[in-house]
Amino acid sequence: MAATSSSQLKNICVLSEFRYEKYKEFVQATVDLGRAIAKRKLHLVYGGGDRGLSKLVSEAAFVRGNQVLGIIPKALKPLGCLPDPPTGEELVVSGMQERISEMLNHVDAFIFLPGDLATLEALITFASWAHLNIHKKLIDLLNVNNFYDGLITFLNHAIKNYFIPSSAKKLFICAPTANELLDLLQAYKPEPDPMTLVSDWATNDDDSNSCKKCKLDLTLHL
């Protein structure tokens, strides 16, 4: 899969906590991001819902005429339904894994706002999938009030101890403001990474059928 270059950048996925509206610094940074995405004529994909930071970024982009798509699992829909009139389009999916797959299918890059455990789960999932060569889309951190400093420190610690290759740093772009982050994202030029695992993720029906024939003895022998 080819890496996304700045000239191909059209659709941005923004992920965040959809129940959060507490500190004004995070709220303002979210609104600024939605406005900056709209100003640059980029389309927005987000996690759906009409609450918290998710609502703010989608509204800020939508009111300026940009296309907005919310992708939300069926189970979470009662907690965060789109407002009436809706903010763009809504895609309801069966669960979290389908949501991740649909986001990958619709976007060219990911931006992570400060968020909760689900936000962190998506961040790590997309990063590990990039390392496994499942996709080549950038993972961008809007580091408001140094929110992601702890994660960056952990990554450096894991690299120092040889659990993660140093080239993994190239998977991430980090900046404290929306315009700085989008400037870096749009100026990015992909380079081959020899440390990325080269894997063929195409489905092979023959291999699938052979796996079905396997019989495992899971008896515990003491």
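Within segment 27-59, count every residue that is in contact with a helix residue (DSSP H, G or I) (Cβ under 6 Å, 6 or more places away or on another chain), of a type outside the set (S, T, N, Q) and surrounded by 23 or more Cβ atoms within 10 Å (Cβ to Cβ).
Adding up the residues that qualify gives 11.
Got a number for residues in segment 136-150 being crowded, with 18+ Cβ neighbours inside 10 Å and either aromatic (Phe, Trp, Tyr) or within 14 Å of the chain's Cα centre (by Cα) (or both)?
So the answer is 8.
Take ILE71 and decide whether it is within 20 Å of GLU180 (Cβ to Cβ) and touching a strand residue (DSSP E or B) at 6+ places or on another chain (Cβ under 6 Å).
So ILE71 fails the test.
Given the options GLU98, GLU121, GLU89, name the one that is modelled with pLDDT of 85 or more and under 30 Å from LYS189 (Cβ atoms).
GLU121
Do we find a residue being farther than 12 Å from LEU15 by Cα, at pLDDT below 85 and among the β-branched types (Val, Ile, Thr) anywhere in segment 64-74?
The answer is no; no qualifying residue exists.
Answer yes or no: is there a residue in segment 187-209 that is of a type outside the set (D, E, K, R) and at pLDDT 90 or above.
yes
Would you confirm whether any residue within segment 162-181 is surrounded by 14 or more Cβ atoms within 10 Å (Cβ to Cβ), part of a loop (DSSP other than H, G, I, E, B) and under 18 Å from the mean Cα position of the chain (by Cα)?
Within segment 162-181, one or more residues are surrounded by 14 or more Cβ atoms within 10 Å (Cβ to Cβ), part of a loop (DSSP other than H, G, I, E, B) and under 18 Å from the mean Cα position of the chain (by Cα).
Failed condition for ILE71, given (1) in contact with a His (Cβ under 9 Å, 6 or more places away or on another chain); (2) of a type outside the set (Ser, Thr, Tyr); (3) more than 17 Å from GLY52 (Cβ to Cβ), with all others met?
Going through (1) in contact with a His (Cβ under 9 Å, 6 or more places away or on another chain); (2) of a type outside the set (Ser, Thr, Tyr); (3) more than 17 Å from GLY52 (Cβ to Cβ) one by one, ILE71 breaks only (3).
State yes or no: is ALA130 touching a residue at least 24 places away in the same chain (Cβ under 8 Å), touching a Phe, Trp or Tyr at 6+ places or on another chain (Cβ under 8 Å), part of a helix (DSSP H, G or I) and surrounded by 16 or more Cβ atoms within 10 Å (Cβ to Cβ)?
no
Among the residues of segment 104-127, which ones are within 15 Å of SER16 (Cβ to Cβ) and either over 10 Å from the mean Cα position of the chain (by Cα) or without any contact (Cβ under 8 Å) to a residue 40 or more places away in the chain (or both)?
PRO114, GLY115, ASP116, LEU117, ALA118, LEU120, GLU121, PHE126
Of all residues in segment 133-161, count the ones that are in a loop (DSSP other than H, G, I, E, B) and closer than 21 Å to GLN8 by Cβ.
5
Which members of segment 25-41 meet the condition of being over 15 Å from LEU142 (Cα atoms) and either touching a Leu at 6+ places or on another chain (Cβ under 7 Å) or not aliphatic (A, V, I, L, M) (or both)?
Matches in segment 25-41: LYS39, ARG40, LYS41.
The values are calculated or read from the model by the stated rules, or taken from the named source; none is laboratory data. This one's a predicted model, so the numbers in the text were calculated from it and none came from an experiment. Methodologically, a virtual Cβ is constructed for each residue, glycine included, from the backbone with ideal geometry; neighbour enumeration extends over all protein chains shown.
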